[in-house]
Structures are given as structure tokens and as C-alpha cells.
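No value in this document is a laboratory result; all are computed from the given coordinates. In this text the structure is predicted, and so the values were computed from the model without any measurement. Please note: Cβ atoms are built from the backbone with ideal geometry, for glycine as well, and neighbour counts cover all protein chains shown.
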Amino acid sequence: MFKRKVEDSGKNTMFQFAFKIFFVHIVNIIVMLIIGMLLQSICELGLVISSATTSAIITAVCMILYLIMTYLEGWRRGERDHNLVLFKHMEYNKFRGLIAGALSQIPGIVCAIAIIIPSVDFSVERLGRYFYLNFNYMFTVLDNMSAAGTISGFLYHLCYFIPPLVAPIVVGLAYHLGYKQIRVLDRLVWRKPKDGKRENLR
């Protein structure tokens, strides 16, 4: 009579999971643009903010938001899959979070490759830097180090592949903890004394 939701029936695919992680990045880009406009408005009011400070603020906020949102998405999916496995609606795959996180970063890997190819059009490189690899302060530092001769060649190019590694690591860990139903916040807020009862640390 009532049709069960796809994600509750165990038929949800790895690509759906990966798309949700990728969508987190799209939300993060919107946040990045909003923060950028707010900082620009502040500058127009007379408060001087350097470009390096602006990049650092945007990077810090976006990085924290991205880590929290991807972690929560991975944890919720792990907890849901635990119930689906328990009732034999699907088989357990301990690498599900890691694989979904890696699949979600394919656009980022493509952008990183486009950035390091010397013959690529400048507008493509700019889009790659600004709209996908939006933890842009890291690349500002890299560019300054490259100009100063501190870092160059293979290591310089390799650094562009660091941001796409964030999601697979975070989501993979969060999925595992969610599947095991381990809440990190509970471990930090509550302490289990010798008598077995948990004591609130707040």
C-alpha cells in the first residue's frame, strides 16, 4: 500500500551516496561566495582587510563547515546502513564510505589535473582553483612559495591533489563510526566511571 523510500530499502547506490557528499561541496561554494561578498562589503565601509587575510578567513570557515557536513553525512549513512544490514536488506561493505568519498572527488581530481597542465586555458585554471578547490588559501601560500623558489616541480603539483583526499578520509572514518554507532561527541562530553554509569562532563 505504501511504497518504501529507496534509501530505507537498501537499494540506494554508491553513486547516490557520493552525490550527497559532492552536494556538500556545492553548498560550501555558496558559503564561500557569501563570505567573500560580506568581507568585500566590510572593506567598502573603510575597514582594510588584506587579500591574504580574506583568503585565510574564507579557507578556515569553509574547511570547518566542509569537515562537519561531510562527517555528519558519512556518519548518518553508516548508522542507516547498520540497520539495513541488521535486517538483511543489504550486505556490509566496510569501504563504502571511502569509495563514496573518492567518487565524489572525481571533479576535483579533474580540476587539479587541469590546473597543473601548462597548456590549459587560464579561465579553466581559474575556475578549477576558485569553484572546486575552494580552500583557496592553501593555493595562495603555494603560489607564494613557488614564486620564492621554496617549492617547485613535482611537489608543487602534488599539493593540488591534497584537497580531494579530504572527503574520502573524513567520510570513510565517519561511516565506520556511524556503522559502529560510536558518537565522538558523546565520548568527549560523557565519561564512564568504574561503576559503569556515565558521568556528564558538561
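So the values come out like this:
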| quantity | calculated |
| --- | --- |
| Chymotrypsin sites (Phe, Trp or Tyr not before Pro) restricted to DSSP loop in the range 39-91 with at most 16 other C-beta within 10 Å | 87 |
| Label-point gap, in nm, between residue 52 and residue 38 - each point 7 angstrom along Cα→Cβ | 2.4 |
